[in-house]
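One structure below.
The values are calculated or read from the model by the stated rules, or taken from the named source; none is laboratory data. Note that the coordinates shown come from a computational prediction; the quantities given were computed from them, not determined experimentally. Neighbour counts run over all protein chains shown; Cβ positions are idealised from the backbone, glycine included. Areas reflect the complete protein model, heavy atoms only, side chains present, ligands, DNA and RNA absent. Shrake-Rupley method; radii C 1.70, N 1.55, O 1.52, S 1.80 Å.
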Amino acid sequence: MDWLGLYNYWVVVILMMAGFYIVIAQGNLVKKIVGLNIFQTSVFIFFISLAKLDGGSAPVYVEGITEYSNPLPHVLILTAIVVGVALTAMGLALVVRVHELYGSIEEDEIHEQDGSD
Amino acid sequence: MTELDSLVAPTLTFLIFAPLLAGVVALLWPRGLVLDLLSISLGAISLVLLVPLSGTVMGQGPLLLELGGHELPLGIPLYVDGLALAMLWLTALTGLGTAVYASGWLRSVSHPSGQQYRVLWFLLWSGLNALFVSGDLFNIYVTLEITTLAAVPLVALARGREALSAAMQYLYFALVGSILFLLGVALVYAETGLLALPELSARESEAAGPGETIALLAITVGLAMKAALFPAHGWLPRAHAAASPPASALLSALVAKAAAYLVIRLWLGPFEAAWTPAVAQLMGVVGVLGILYGSLQALRQHRLKPVIAYSTVAQLGYLLLLIPLASVVAWQGVIYHALVHGLAKAAFFLAAGNLILGIGHDRLVGLAGCDRVLSKNLLAMAVAGVAIAGLPPTGGFIAKWWMITAALEQGQWWWAVAIGMGGLLAALYVFRVVSFAVHSPRPWHEEPLRETRHGLNRLLLWPPVLLAAAAVALGMTGELLAPFLAVGAPEVSP
């Protein structure tokens, strides 16, 4: 098997690990949300990759084309993107509230203030 | 496919879309009184509609509704069996009780975010109902996200820094959990090309490939983070303790349970081929560790709401015991446990909210003497606690009885021991709280109590009393409800 032929899966794995690492390691709340988005996008790419057929065309009915890519994952991921945007918006809204209350979005500074209460 | 009762489709449509539309109304037309009446009447109508639906499920077996008339494998199914039905009843009962309570609560504390609370509650309700009837993995992902989208801000609505930072932590757990769930769904689709649960269950039970096992692992870890199953429970005690009382009741009774519900729904049936008895034992052990850890932590808390929140961590552990036990009796016992715990925990949190309203804080040592002024409320709390601990004659006893019977029937006595231990520890932390409350007050604690002499608003008092009474009443109806619960119990091969 040609490992280059699977490069999209390599991209998925690298993005996934990078995103997850950012969520865990970053102290900045906005960066954490960016990390979550990268993590999420990697899963989206993985799902869409499943649909691709070698030599398959876009799933639009045209004379003379016999092989199509599977349209279902595309539709599902379109929905998942919408859901992801809604959750990102909510997360950012919470970060705005955190900034109003604490005057900071760095996790260690927030914990410091929590501890001194 | 048998012809469905003509009421089934409208009922399910109502359960999902009525709260959603009410949420839109709430957003556009912020009139507190109207919206409270709307939410109470929606709860009542849901209860009425569930009666014929239950009859149909009992008569015809699990219902499969193919949306838009598109047949499987192309269509998206809604699926209602005994488990889903029990959760719909729990949602309607708890929802109604909490709606009544919230109408009183939002008035008595003149909450500035009352309006947001109502919008989020309608959204949450719609998402939960949709989640419990979904029969499609991707649909479940979407409904799970709708509940998260409503649940996290419900925590953040409570005033103060603690609520906000707890909500933030909840958000990260929930989002990582949902991404893992989606990854699992993608792997299942890659492996089988199927997403509908009835189709996944109906496959020939041959050994599943490694892809499916990894998928189940990703889905389970994701759901555990959302349900706060031990050891991914870190966010729950903070979030549920910091939220306002009606929000805590909803989160503990319904939201955390929704994700745990999915764990047992997916393990039994759709992914039965992906695990072995040894893995099932491991899941049971995780459940027992959760029961013990949650109960011991509940015993160590100095404030009331964290006690109740840790109790939720403990009680969710019982649901995992269904996986190693996997028989019809265990199935009934676990569903019954979920029902009783939902009602009792909602009652417990609402009653705790009344105590906080009465005495201004929830430190356990300060509860002394509150039995004199808030006696009915305290009684409701104690009864709810007894139901959680599983003493007769409450529903909790029937649930534990069935689970222990199932364990002994299969010779897996160690689970019976664990269930008994869990009950004992639950009784300990409940009676610890009650004993603090019935102590004679020291002189300096008299002052704040006097202010509440005029008694509680009826809207605040009766929901916890009635919910606790319902949890007790379930103790009398075990035999009556057992056949309903058994509908659709998977043919399990342990």
- Rounded to the nearest whole Å², what accessible area per residue is found for chain B with the 1.4 Å probe? 35
- When the charge dipole of the protein assembly as shown is computed with +1 at the Cβ of Lys and Arg and -1 at the Cβ of Asp and Glu, the Cα pointing farthest to the positive end, of B:Thr11, A:His99, A:Trp10, is that of A:His99
- Checked the protein assembly as shown with the C-alpha gyration tensor, a ≥ b ≥ c its square-rooted eigenvalues, rounded below a/c of 1.5, otherwise prolate if a/b is larger than b/c and oblate if not; verdict prolate
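For B:Met476 and A:Asn8, what does the FRET efficiency come to when R0 = 35 Å and r is the distance between their Cβ atoms, rounded to the nearest 0.05?
It comes to 0.05.
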- Message: At 24 angstrom or more along the helix axis (alpha-carbon based) and mean Kyte-Doolittle of 1.0 or higher, what helices does chain B contain? Whole DSSP H runs only.
- Response: B:8-28, B:32-60, B:82-108, B:137-157, B:161-192, B:210-227, B:277-300, B:304-320, B:328-359, B:413-438
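Rounding to the nearest 20 debye, state how big the charge dipole of region B:277-494 is about its Cα centre with +1 on each Lys and Arg Cβ and -1 on each Asp and Glu Cβ.
It works out to roughly 660 debye.
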- Tell me: how much accessible area in total is hidden between A and B, 1.4 Å probe, Å², nearest 100? 2900
- For chain B, give the magnitude of the charge dipole about the Cα centre (Cβ charges: +1 Lys/Arg, -1 Asp/Glu; no others), in debye to the nearest 20. 2340
- Percent of all Cα-Cα pairs per 20 Å bin for chain B, counting from 0 up to the last occupied bin, reads 25, 60, 15, 1
- Of B:Val155, B:Met403, B:Leu78, whose Cα points farthest to the positive end of the dipole of the protein assembly as shown (charges on the beta-carbon: +1 Lys, Arg; -1 Asp, Glu; origin at the Cα centre)? B:Val155
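Stretched out fully, how many nm does the piece from B:Lys376 to B:Leu408 gain, at 0.36 nm a residue minus the Cα gap? Mind showing how you got there, number by number?
Details: separation 32, 0.36 × 32 = 11.52 nm, distance 3.88 nm.
Net length gain for the segment: 7.6 nm.
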- Semi-axes of region A:35-117's equivalent ellipsoid from the Cα gyration tensor, sqrt of 5 times each eigenvalue, largest first, rounded to whole Å? 45, 12, 7
- Item | Percent RCO, i.e. relative contact order, over region B:266-321, from Cα pairs under 8 Å lying at least 6 residues apart | 41
- Message: For region B:166-298, I need the span (max minus min coordinate) of the C-alpha atoms along each principal axis, in Å, sorted largest to smallest.
- Response: 47, 26, 20
- Query: When N is the residue count of region B:347-449, what does its C-alpha Rg come to as a fraction of 2.2 N^0.38 Å?
  - Reply: 1.32
- Item | Prolate/oblate/rounded label for region B:277-494 (Cα gyration tensor, a/c 1.5) | prolate
- Nearby lysines by direct alpha-carbon distance to B:Lys226 (threshold 19 angstrom, same-chain neighbours under 8 apart not counted): A:Lys32, B:Lys257, B:Lys345
